[in-house]
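Written out below as structure tokens is the structure these notes cover.
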Amino acid sequence: MTFLAKRVDASNDGQSWFTKEWGLPRFSPALKVRLTPKCPQILTQPNALDANFGSALTLFARVQGQATLSAQWLRDGQPITNGPGGASPGGGTVSGAFGPLPSPTNGTPATLTITNAQPGDSGEYTATFTNACGSVTSDAATLSITITCIGDADGDGDTDSDDVVTFFTAWDNGDPLGDTDSDGDTDSDDIIVFFAAWDSGC
């Protein structure tokens, strides 16, 4: 016979279950205990990351909890979506921004991937985990995207006319890629810095 019961105790915030099995014909008890917190609990916080412009990068957080548990990544407090520009307008291509995790979840990572990362993708990234019991949000992880070659605005390894188009598009929109002198504004000084780098091949 097998009996399923809930046990309330202080060791696991009142959230645990166990089965007791009695073999026949002697009825000798064998106790099996499995403890898994019902509400989501973060086991591993996401780490800060420095990445190069145009590279692929991954952020992850590990969580445990029962019931159907879902994850949602956010950048600077705003939900991220999958696909091109999912983390920022004109940004890299995002996957793993949201979705369900296996249940029960015990250390399963929620992984966010950005390919062809752009300067606009820089920011504070958090992951929120939710189930019927409640939700919990991770610590913020700072993502910094570094432009290694200012003149190569499209990150394809060459300095050509495509870079001029990419730069002026970013500059006109006030995007970080257009702020080549990193003073917080897109102005004529950025054009001078860009063309000096572009003309020198980087």
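When Thr58 is tested against (1) hydroxyl-bearing (Ser, Thr, Tyr); (2) modelled with pLDDT of 95 or more; (3) in contact with a Gly (Cβ under 8 Å, 6 or more places away or on another chain), exactly one condition is not met: (3).
Count of region 75-100 residues, restricted to those that are outside any loop (DSSP other than H, G, I, E, B) and surrounded by fewer than 21 Cβ atoms within 10 Å (Cβ to Cβ), is 9.
Restricting Gln66, Gln45 to residues that are at pLDDT 90 or above and either more than 15 Å from the chain's Cα centre (by Cα) or within 12 Å of Ala141 (Cβ to Cβ) (or both) narrows the list to Gln45.
In region 76-87, the residues that are among the acidic types (Asp, Glu) reach residues that are in a strand (DSSP E or B) and surrounded by 12 or more Cβ atoms within 10 Å (Cβ to Cβ) with C-beta atoms within less than 7 angstrom, at least six apart or across chains, in these pairs: Asp76/Gly123; Asp76/Glu124.
Give the residues of region 101-125 that are assigned to a strand (DSSP E or B) and of a type outside the set (Ser, Thr, Tyr), sorted by residue number.
Leu101, Asn106, Gly107, Pro109, Ala110, Leu112, Ile114, Gly123, Glu124
Does region 135-162 hold any residues that are touching a strand residue (DSSP E or B) at 6+ places or on another chain (Cβ under 9 Å) and either assigned to a loop (DSSP other than H, G, I, E, B) or among the small types (Gly, Ala, Ser) (or both), and which are they? If the condition is that a residue be touching a strand residue (DSSP E or B) at 6+ places or on another chain (Cβ under 9 Å) and either assigned to a loop (DSSP other than H, G, I, E, B) or among the small types (Gly, Ala, Ser) (or both), then Ser135, Ser138, Asp139, Ala140, Ala141, Ser144, Ile147, Thr148, Gly155 are the ones that fit. Cys202 meets the conditions (1) touching a residue at least 40 places away in the same chain (Cβ under 8 Å); (2) within 17 Å of Gly54 (Cα to Cα); (3) in a helix (DSSP H, G or I) in every case but one. The failed one is (3). Within region 129-162, the set of residues being buried (at least 18 other Cβ atoms within 10 Å of the Cβ), at pLDDT below 95 and within 15 Å of Pro119 (Cα to Cα) comprises Ile145, Ile147, Cys149, Ile150, Gly151, Asp152, Ala153, Asp154, Gly155. The combined condition, being assigned to a strand (DSSP E or B), at negative phi and without any contact (Cβ under 8 Å) to a residue 40 or more places away in the chain, is not fulfilled by Val63. If you filter region 166-185 down to residues that are more than 23 Å from Ile114 (Cα to Cα) and modelled with pLDDT of 90 or more, you find that the one that is surrounded by the most Cβ atoms within 10 Å (Cβ to Cβ) is Phe168.
Counting residues in region 29-39 that are buried (at least 18 other Cβ atoms within 10 Å of the Cβ), assigned to a strand (DSSP E or B) and at pLDDT 55 or above gives zero.
The values are calculated or read from the model by the stated rules, or taken from the named source; none is laboratory data. A quick note: this is a predicted structure, and the numbers were derived from the prediction, not measured. Virtual Cβ from ideal backbone geometry, glycine too; neighbours counted across all protein chains shown.
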